[in-house]
Structures are given as C-alpha cells and as structure tokens.
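Worksheet: one structure, shown below.
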Amino acid sequence: MSLLESSDVYWNFLGQCTQCGHCTPACESLTAADMTLGGIAKRLLDAQRNASSAEELAVELASDPQLTQAVRGCFFCTSCKNTCFAHNDVSDLIYHARDDYQKLGLIPRDTYASVEVDKEWDIFTAYRAIWGIDLTDLTRHIKTEAHDAATDCEVAFFPGCSLAAYAPELTREIFETLDELGGKATMIDHCCGSPLKSAGFFDRAEALCDRCCDEIASSGAHTLVCVCPGCKNAMQAALDSNGMDVRAISLSAFLLEHGFTPKHPLPEGSYCMSKACQDRDGSCLAATLEVLGLDEDTVEIFHGCCGAGGAVNSFEPDRVDAQTETKLSFAPDGSTVVTMCPTCTYTYAFYLMGRPRELGNKHYAELLFDTQIDWDLVFAQLQGMWTGEYGPWLSQVFA
Amino acid sequence: MNVHEMTNDAPVAIIGFGAAGFNAAIGLRTNGYTGPIRVFSNIDTLPYSPILTSYYAGGELSYEECFPWSQAEVDELDLDIVHEGPVTRLDTDAHLIHTEKGGYPYSKCVIASGSVPTPVGFPRDCGYDPLMLRTMDDAERLKDAIANPGCTRMLVSGTSMVSLKTVEACLNRNFEVTLVGIMDHVLDMNALPEAAARFEKGLAAQDVALKLANPIKGVEVIEDAAHPLGRRLEVTFANGDVESYDEIFVAHGMRNNLEFVEEDSIVVDRGVIVDGFMRSSDPDVYAAGDVVQGTELISGDKRIVGIWKNAAAQGACAGRTIAAELAGMEPTRPCAESLAMNTISVRDTLFISAGTIQLTDNSHVEVEDGDTMTVVRIFEGEGDTRRLVGFNITCDVDEPGGDAYDLGAMLTMRLCEDCS
C-alpha cells in the first residue's frame, strides 16, 4: 500500500504535465516555491520513494519548504490551471495533497480548529448561538417544536455559512422571495465543506455534502438555490454523485428564470465585479450581471482570489492581505465592488475596515434586496465573542 | 524468427514511449495491474515532450528540462523497455510484436506510436533537407542551425503552432524571420481571420516578414564561398519573388506512425478507430494519442485530435481499461471526448483557442475587438439549442494568470458544458 493515500492522483497528474513551467508565473505561491504543478506531484512521489514509513515520509515532506509552500499557499483561484495549456486540474491535486498532509500530521490543528464545520461548534455556529441568530423556522424539512418535517418542498435554499451567520435578515428576505417565486422553500443550514477541504479533510467535506444531500432528498426539493458559486459547485458534484435528480442553481440564475424584479433600483455609480474564483465557467457572473441590469462591456470585471480561498491565512497571513489589496486595486475610488460569494464580501469588508477607501463593497444580493449587511456590527460582534462572557468557552472549544 | 518468449502470461505491450505510452503505463499501474509491461521505444532517452522542443531550440529550456519524467519514475513503473528501433510488424493473429531483432508476445497491446512531421509540398529533390521539429534530435539540429553565427535569415514554412514557436525561437536569437504559408492567414487550422489578423499584427510588430498565400515554389542550393555557411538557399515563391535564406524550417503536416500495422488486422481510417475505452476492432489491441481516431467532442465524429492532453488522457484510459479487463471486470470510466485546444504565444502575442472553426450554415460568429484583445466566439444553433462550439482569443499581452487566460478557461468550460 502506498504511503501517500493519493499516490495515484499524483501519478495521474504527473503523467499529464509537460513541465513546461507556464503555470509558475501565474501564481505567487508557485513562484515563491519555484515549482510547477507537475513538480508538486513529482516531489510528493519523490518523498514517498525516499521513505519507508509514514513517519519518515512526514519528515521528508516537512523538510521540503518549497513543497509545503506550494501545497499550503494555494488560494484555489485556478490562475495556474487557466494558464496551463492543458488546463490540468490544480484544485484536485492540492486538495489531495492537503489531505495527505493532514493525515501525516503536517497541518497544525490551531490553523483549522474554528472551521471544522461538520462539528457542532465552528466559528459560524458559535457566532449565531452567542448572538441569538435563529433561523430554525426556515429549515422546514427538519422537525422542530414549531413545525413538522416538511417533505413537500419545491426549493431548497443554501445560503452558506457566511451569509446565514453575518446576514441573517438578508438570508430571511431571500428565503421569502424564493418561497414566493419557486414554491414552498426550505433552508439547508450547513456548510458546503470548503473549509474542511482547505484544511485537508477531503472525506469529511464529502460526508458533509452527503448529509446536505440527504436533507435535500427528505425535503422533496428538486431545485437547490445557492448564493455562492463555490457552494453550488460542491453541492452539484455531491448531488450528481448521489444520483439525485436535483439541480443546483445560483441565486442570480434562479431569480432571472423567475422574472424577479430587484427590490430597489441599482444606485447610480460605477460598479466593478469581483468574479468568484469558484465561478469557473463564468455562468454565475453572467447571470448576476443580467439580474443586476449591468452591461458586461461597461463594467470592470476582475478575476482572482479575494484572499480568503484555501485557508492561506492560516499559513501565510500576510499574503492574504496582499492578495486582497491586489484584487481591490482594480477598483477605482468611488466605485462599488460587487461580490458573488459572501466570504469575498466579508474579506473585503475586513480589509477595508483596517484600510478605509472610498469604495463600496456589496454582495450582489444586497443590490437586489432591501436588507443590507452591517459589517461594523458583524466585526464588533466577532470581536466581542472572544472578549465577552463566552470568550473562555470559545477558547476551549477551538483550542 | 526469434521469439523471445511465449507464455500464457505475456506482457502488456506498449508501442511508443511518449505521452500516450507513458500514461498507459501509469493507467495500468494505478489500476491494480502488477504484471509485466513491455514498452517498445525507438529512442534511447527518457520520454520527451515534443511541446518543449522549440523552447530548447530557442534556448529557453535546457536539454534536461525537455524530459517531463525522471528515470526514478520510469523505474518505479517497472517497465521492460525494448530499444530495438521501430516496431516493424504487429501480428494480431499470433499476438506478436516484431522489431528488426525478433518477435515479442503480448497479451494486450497499446499502440501509442505517435506521429512524425512530413515536409509534404517542399521540393524534395532540391538537395536541401529542411529543418523540422518533433524529436529531440530535430531540436538539436534546429538549435545548432540557429546558434550558428553564420545563419541569420530563416524562412519558416507553415503557419501552425510548431512553426510559430520556431519563429519565436529564431526571434530570441535575433534572426531575420520570414513566415510563409499557403493560406491567407496564420493559424489557418485554429483561427478565424479576425483572430488571425491580430496575431499577424503582433508578428509584424516583432519584425516577422509575412508571406501569406504565397507558398514556396522552388528551392535552389547556391554554392557561395563568400557565405559563412558556404551556401545559401534561393527560394522562389508562388508569386515569382525570389529571396535568399540561410535555413528553411518546414512544418507542413503530420503523419502517424502506423506502418507496422498489417492491413485489415484492425480497423484504420486516418488513424486507428477506437471506442470510448480506447479499444480497437481487435479485442486485445488498444490505441492512444496521435494514432487514434477517437470521438471528437463538438462533432461527435471519429477524428484525430493530436494534442498532448488528449494523448495523455487516452493513454491513461487505455491502461485502466486493460487493467480492468485483465482482472475480469468491465471498464467503467471511458475517456473524455477529444477537444482541440491550443495556446501559443510568440513573445507577447498570445493566442488561445478551443473547439472548432469549421463554419456551417448553422454557425453564428461573434467578434469582440478590444483594446488589447480580440475574442471570436463561434456558436451553432438558435435559442435553446444554441451552443458555443469554438472560440479564438488573440491578445497583445501574454500575462500568465491574466484576463486572456481566465477568459480562455471560462470559454473552454462553457464549450464543454454546451457540447457534452
């Protein structure tokens, strides 16, 4: 048996890579590591070849700073994949590498303890519990004291962790609209598993998606509306692998299909679209532009990660700020940056809190619905969690 | 006939040791096949990447960097590599592969023998052997030619990817380069005129002289003691112009290596006809790479799409199919349908394409001409049946990770979704 659990994945990647080196300058992390994508697979297999036990392999890998940089410094923005002549799938490679790193004990627990989103407590559920955010009336497919478990839902709504935690009223407003436009709705109140994958818990991420699928199946819904393109991708893959006849669709596309009219006119001014890196084929971007009434030809669109991807902040926090700054540098002062993933909105809001600019920062849902996200409140509450009465409990839970 | 062995457990044979052959070995090993694998290689080196040969010739990569896989990796795959020159005959009845030195039995065989460039259309009897590019030997010859201080004027004939990378290699050595083609535009197999025209502007800005729709008609080797090479090449073009060059590079087409396949032993059209699992008409013969006519994504027809990515994917599929069948199971994961996709840059001028540029009555072309980029999208059908079937992007800037690459990846994904 191979010491690396994903040895076959690395072999297959190695076989597909010409080692032309074109990917390296597309990525700061690869450049810092001076590695190609195929080089990552090569070095993992080299380390395996040089080791006779898991312990030796762990030492081999830990003593290769370039490889560690390449594996843990990845935002999953896919700039390297896009630049690769063969579009070799970097995400698959890095997710598996992190999985192997995790299994070999090479990713410290304190870097992911607060985002083990398949456990009872993570940063989002703790935030909601501490600040009294209760959305259980929206999870109609789960029996509560107030309602029985519904099995006749038409639409399942997947707000994702950030939106449900930091924008509960907006979540509720979107839910009501879906209920009105698409028929009886319910809310899937879980994470898509992205933070788990970033931390190297591939199996747990898939299990979490499977749990979501079970809930969707029990609700009877045939449409899953996702706010974030990343959630949509992860859930569509899980739905497909579970053989379910359920379509995952972005909120923008769903609203377009159902003739939704924005709750208020788009404020005048210039807009910059921050394309989510998980929106690989640009379909969410296209639908978002259309539902907002923005013209692709006149709106600045910028690509690349906001800085939140891949849990790089747990490895190279400085690079996250640099990445956010780079991305926001495309937006001129006075404009509004429109995000598609609520975590991007959060990341920009956090950055702008420390380095204020004349820049609007809106999730597209804020431009379509009445409720706006109060980031000042969110950050105050996030900070307050740790310093208030729940601080010691949090420190213990996430230790 | 010297038959080296004859057992019931004859090795799986792989004819050819390029991307398809190497990935067939990986496919076998990563899918549980632990038996013998015999590879027939007509080179004495590790497998090289033909894509990188122009980078080597142009001085951008070292010789060693042209070999994607190490000896340690080849060793780990546990391959018996036969270096006896090209395979001369594949006897599917006797399950034997012949080289000049003898015959080797096989249980299953993957044909992954690739292709070679052909100078078709070049005047063969002119006394000059044109430069071509596929193998490392070709690359060495090209490198020597353009490193020769006596050589300063290069004529590149053909406007394909290989030709254009050769143009770049010559530009990197400060050559005077003329690019000649039979068609009106460069990249005639990949680009519609709007995208090609922008690429041509980029070439012209780098002082590449273009002679399009004006192919070589004749070449005469003129002995010239005053010339550092002791001769010059006088080229007559179709329009009657005559010009002198030091060397001529030719990339006029490719021919696949299937001479060893006996007539009627397996179904061959322009390449070996295979199913989705890379199986030929013979139940023990599979094929992958440039020799294969597999299902093409856009048309659904059986076509040769000779690019690295397809060769690697097809080789891996052949390997895992054989591993499954030898284990008494049905293969479950067919190969993705072939898609023509190319990326090339000549210094700062970048071209990305995927899909088809063959226009039909049902086609609709959208051209977007921007400040730095021309984007051509080719659609088929109307309304709900409208699908993206091809695109070209030509960009004046080659920025890795930049907008052109992002758009290219996005359109490639959309095309695959539309056509799957």
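The values are calculated or read from the model by the stated rules, or taken from the named source; none is laboratory data. This is a predicted model, so every value here is computed, not measured. Please note: Cβ atoms are built from the backbone with ideal geometry, for glycine as well, and neighbour counts cover all protein chains shown.
Listed here are the residues, each with its yes/no results for (1) in the same structural domain as residue A:252 (by TED's automatic domain parsing); (2) crowded, with 20+ Cβ neighbours inside 10 Å; (3) of a type in the set (S, T, N, Q); (4) closer than 30 Å to residue A:55 by Cβ.
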site	(1), (2), (3), (4)
A:118	yes, no, no, yes
A:132	yes, no, no, no
A:136	yes, no, yes, no
A:143	yes, no, no, no
A:149	yes, no, no, no
A:153	yes, yes, no, no
A:157	yes, yes, no, no
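The residue pairs whose first member lies in the stretch A:275-302 and is crowded, with 22+ Cβ neighbours inside 10 Å and part of a helix (DSSP H, G or I), whose second member is modelled with pLDDT of 95 or more and of a type in the set (Lys, Arg), and whose beta carbons are closer than 9 Å, counting only pairs six or more residues apart or on different chains, are A:284/A:232. The residue that is farthest from the other protein chains (Cβ to nearest Cβ), counting only those in the stretch B:385-405 that are over 24 Å from the mean Cα position of the chain (by Cα) and within 25 Å of residue A:75 (Cα to Cα), is B:397. In the set A:243, A:230, A:200, only one residue is more than 18 Å from the chain's Cα centre (by Cα) and either more than 18 Å from residue A:280 (Cβ to Cβ) or touching a residue at least 60 places away in the same chain (Cβ under 8 Å) (or both); that residue is A:243. Of all the residues in the stretch B:96-136, those that are without any contact (Cβ under 8 Å) to a residue 24 or more places away in the chain and outside any loop (DSSP other than H, G, I, E, B) number 2. Assessment of the stretch A:230-237 against the conditions (among the aliphatic types (A, V, I, L, M), away from chain B (no Cβ under 14 Å), under 14 Å from residue A:174 (Cβ atoms) and in contact with a Ser or Thr (Cβ under 9 Å, 6 or more places away or on another chain)) yields no matching residue.
Residues in the stretch A:64-79 that are modelled with pLDDT of 95 or more and over 19 Å from residue A:196 (Cβ atoms): A:64, A:65, A:66, A:67, A:68, A:69, A:70. Among the residues of the stretch A:382-399, is there at least one that is outside any loop (DSSP other than H, G, I, E, B), in contact (Cβ under 8 Å) with a residue 60 or more places away in the chain, within 28 Å of residue A:291 (Cβ to Cβ) and outside the structural domain of residue A:173 (by TED's automatic domain parsing)? No, because not a single residue in the stretch A:382-399 is outside any loop (DSSP other than H, G, I, E, B), in contact (Cβ under 8 Å) with a residue 60 or more places away in the chain, within 28 Å of residue A:291 (Cβ to Cβ) and outside the structural domain of residue A:173 (by TED's automatic domain parsing).
Scan the stretch A:75-95 for residues that are within 13 Å of chain B (Cβ to nearest Cβ) and either in a loop (DSSP other than H, G, I, E, B) or out of contact with any Phe, Trp or Tyr (no Cβ under 7 Å at 6 or more places or on another chain) (or both) and the total you get is 13. Which of the residues spanning the stretch B:273-330 are part of a loop (DSSP other than H, G, I, E, B), under 19 Å from residue B:13 (Cβ atoms) and more than 20 Å from the chain's Cα centre (by Cα)? The answer is B:277, B:280, B:281, B:282, B:283, B:284, B:327. Checked against (1) in contact with a helix residue (DSSP H, G or I) (Cβ under 7 Å, 6 or more places away or on another chain); (2) surrounded by 18 or more Cβ atoms within 10 Å (Cβ to Cβ); (3) not in a loop (DSSP other than H, G, I, E, B), residue A:305 passes all but a single condition, namely (3).
Restricting attention to the stretch B:57-73, the residues being more than 11 Å from every other protein chain (Cβ to nearest Cβ) and crowded, with 16+ Cβ neighbours inside 10 Å number 2. Consider residue B:33 carefully, then state whether it is within 14 Å of chain A (Cβ to nearest Cβ), aromatic (Phe, Trp, Tyr) and part of a loop (DSSP other than H, G, I, E, B). In short, yes.
Considering B:348, B:284, B:301, which residue is under 23 Å from residue B:190 (Cβ atoms) and touching a residue at least 60 places away in the same chain (Cβ under 8 Å)? Talk me through it step by step, then tell me what you get.
Details: B:284 fails: under 23 Å from residue B:190 (Cβ atoms); B:301 fails: touching a residue at least 60 places away in the same chain (Cβ under 8 Å).
Residue meeting the stated conditions: B:348.
Screening the stretch A:29-45 for residues that are more than 9 Å from every other protein chain (Cβ to nearest Cβ), in contact (Cβ under 8 Å) with a residue 24 or more places away in the chain and of a type outside the set (A, V, I, L, M, F, W, C) and picking the one that is farthest from residue A:101 (Cα to Cα) gives A:34. For residue A:231, the requirement of being modelled with pLDDT of 95 or more and either assigned to a helix (DSSP H, G or I) or among the polar types (S, T, N, Q) (or both) is met. As for the stretch B:179-197, it holds at least one residue that is surrounded by fewer than 20 Cβ atoms within 10 Å (Cβ to Cβ), under 16 Å from residue B:123 (Cα atoms), in contact with a His (Cβ under 9 Å, 6 or more places away or on another chain) and touching a residue at least 12 places away in the same chain (Cβ under 8 Å).
When B:382, B:330, B:366 are checked against the criterion of being within 14 Å of another protein chain (Cβ to nearest Cβ) and surrounded by fewer than 20 Cβ atoms within 10 Å (Cβ to Cβ), a single residue qualifies: B:366.
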